[in-house]
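Single-structure report; data block below.
The values are calculated or read from the model by the stated rules, or taken from the named source; none is laboratory data. Being a predicted model, the structure only gives us computed values, none of them experimental. Here the Cβ is made from the backbone with ideal geometry for all residues, glycine too, and neighbour counts use every protein chain on show.
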């Protein structure tokens, strides 16, 4: 039996997604597992500090996971992040 999310939990996920950089980050991470912050910033052509703040918010929203490798941080989608990316990709085609 699956647990139904509360409105507050849904709000946290949706607010985490509510920015064009965050949407782009999720799409980039979905295509490049274990990608570093620097590689995300390069792929999106944006300032690493800006991307760092947005990845932090995605992490807090439960949409990204981080793994520390020395001085680098690798980013992957969380299970909820994968669901949202599938939604974004299907919504993009409408």
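Could you say whether any residue in region 6-25 is touching a strand residue (DSSP E or B) at 6+ places or on another chain (Cβ under 7 Å) and part of a loop (DSSP other than H, G, I, E, B)?
Kept after step one, since they are touching a strand residue (DSSP E or B) at 6+ places or on another chain (Cβ under 7 Å), are these residues of region 6-25: none.
There is no residue in region 6-25 that is touching a strand residue (DSSP E or B) at 6+ places or on another chain (Cβ under 7 Å) and part of a loop (DSSP other than H, G, I, E, B).
Could you please give the count of residues in region 1-51 that are surrounded by 15 or more Cβ atoms within 10 Å (Cβ to Cβ), over 14 Å from residue 88 (Cα atoms) and in contact (Cβ under 8 Å) with a residue 12 or more places away in the chain?
9
Is it fair to say residue 94 is surrounded by fewer than 13 Cβ atoms within 10 Å (Cβ to Cβ), modelled with pLDDT under 95 and part of a helix (DSSP H, G or I)?
no
Mind listing just one residue for me: the one in region 66-80 that is part of a strand (DSSP E or B) and surrounded by fewer than 16 Cβ atoms within 10 Å (Cβ to Cβ) and, of those, nearest to the chain's Cα centre (by Cα)?
Applying the filter and picking the extreme gives 66.
I'd like to verify a number: residues in region 45-65 that are outside any loop (DSSP other than H, G, I, E, B) and within 13 Å of the chain's Cα centre (by Cα), how many?
Here the count works out to 12.
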